[in-house]
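Working notes for the structure below.
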Amino acid sequence: MLELYTHPMSPCAQKVRIVLAEKGLDWTKHHVSLPDKENLRPEYLKLNPLGVVPTLVHDGQPVIESSIICEYLDDTYPESSLKPADTYARAKMRFWMKHVDNKLHPSCGALQWPLVMRPKLMEKPEQERLAILAKVPEKPRRERQIRLMKYGLEAPDVADAARIYRNTIVDMEKALEQHEWMVGDSFSLADVCLAPYFQTLLQFGWTEIYTRDCPRVTDWFNRCRDRQSYQSAVADDFPQDVCEQLLAVGKPGWAVIESHISELL
Ligand SMILES: N[C@@H](CCC(=O)N[C@@H](CS)C(=O)NCC(=O)O)C(=O)O
């Protein structure tokens with residue numbers, strides 16, 4: 001039995017849901033409300049001591065860290081593998097996965113958090129907000145969230161995040177000159193792990209960061225979105241009214257992002 005603790009807007013949970021869908025696996029959903037900080041409740045921390053989604057529970061055994069979960073699922077259900085057979089291509093796939101985990105994911109957090117997590121927190125008195133964030137187990141994440149709570153889109157993390165996003169897109173454009181998908185001619189975990197971070201750009205109306213001069217990335221993301229797995233694992237969670245709401249929320253962010261990437265264009 002497969003159970004997934006997830007949130008619809010979490011890109012790392014979306015990665016895992018795409019793998020589950022690519023493999024046609026049945027699974028049970030446990031919604032974890034991130035704005036309500038259900039991820040920091042003691043019972044959830046027993047499953048995932050880092051206090052983040054996703055967590056996969058397979059026959060009662062928890063597996064954490066989205067890239068590890070994706071590989072675990074691919075290893076456990078090897079039919080229609082999402083790893084290239086060639087070992088060099090496989091190393092490149094892992095490079096992209098690591099880049100997502102170490103760089104793109106925190107950048108996505110820095111851009112998304114002030115818009116979707118901060119408003120709910122700001123309804124509370126400052127002492128209460130700080131007490132909630134003090135429970136975030138990992139120090140770099142905790143300190144980043146405190147900065148994002150204090151300064152919103154003015155936090156220094158936002159400038160770095162915008163530049164990391166843009167540089168990643170330029171590197172992807174180069175990689176896609178070589179082959180149809182990120183590390184070869186078939187869809188792999190590299191594509192799975194990158195695509196959700198473009199959903200964030202799409203939902204907030206920030207697609208110009210790649211559409212204006214990166215045609216291969218534009219085409220790649222359209223092809224990711226055309227897959228049945230993306231439709232059921234990601235797009236179905238974004239009905240029209242949610243899309244309209246997120247576009248409105250994202251609007252003030254574009255000018256900020258554009259100002260930070262202008263010297264890279
Ligand atoms: N490295 C972790 C990152 C997980 C992560 O940051 N999850 C976010 C949602 S995308 C989360 O749960 N955030 C809650 C919080 O920071 O309080 C993974 O890949 O699983």
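The values are calculated or read from the model by the stated rules, or taken from the named source; none is laboratory data. In this text, all values refer to a predicted model and were calculated from it rather than measured experimentally. Note that we place each Cβ from the backbone using ideal geometry, even for glycine, and neighbour counts take in every protein chain shown.
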Criterion: more than 9 Å from the ligand (Cβ to nearest atom) and within 21 Å of PHE238 (Cα to Cα) - qualifying residue of ARG41, ARG17:
ARG17
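Yes/no matrix, rows are residues, columns are (1) crowded, with 18+ Cβ neighbours inside 10 Å; (2) touching a residue at least 40 places away in the same chain (Cβ under 8 Å); (3) in contact with a Pro (Cβ under 6 Å, 6 or more places away or on another chain); (4) under 25 Å from LEU189 (Cα atoms):
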position	(1), (2), (3), (4)
GLY24	no, no, no, yes
VAL32	yes, no, no, yes
LYS37	yes, yes, no, no
LEU50	no, yes, yes, yes
THR55	yes, yes, yes, yes
PRO62	no, no, no, yes
Could you check the stretch 28-67 and list, in sequence order, the residues that are among the hydrophobic types (A, V, I, L, M, F, W, C) and under 14 Å from LEU4 (Cβ atoms)?
VAL32, LEU47, VAL52, VAL53, LEU56, VAL57, VAL63, ILE64
Which pairs have Cβ atoms under 6 Å, sit 6 or more apart or on different chains, and link a residue in the stretch 139-162 that is assigned by TED's automatic domain parsing to the domain that holds LYS103 to one that is more than 11 Å from the ligand (Cβ to nearest atom) and polar (S, T, N, Q)?
ALA161/SER107
Just the residues that are more than 15 Å from VAL116 (Cβ to Cβ) and touching a helix residue (DSSP H, G or I) at 6+ places or on another chain (Cβ under 8 Å), please, taken from the stretch 229-255.
SER229, TYR230, GLN231, SER232, ALA233, VAL234, ALA235, TRP254
Quick one: MET93 ticks every box in (1) surrounded by 13 or more Cβ atoms within 10 Å (Cβ to Cβ); (2) under 21 Å from MET1 (Cβ atoms); (3) out of contact with any His (no Cβ under 6 Å at 6 or more places or on another chain); (4) not charged (D, E, K, R) bar one, so which box is it?
(2)
Scan (1) away from the ligand (no atom under 13 Å from the Cβ); (2) loosely packed, with under 15 Cβ neighbours inside 10 Å; (3) assigned to a helix (DSSP H, G or I) for the single condition GLY152 breaks and write down its number.
(2)
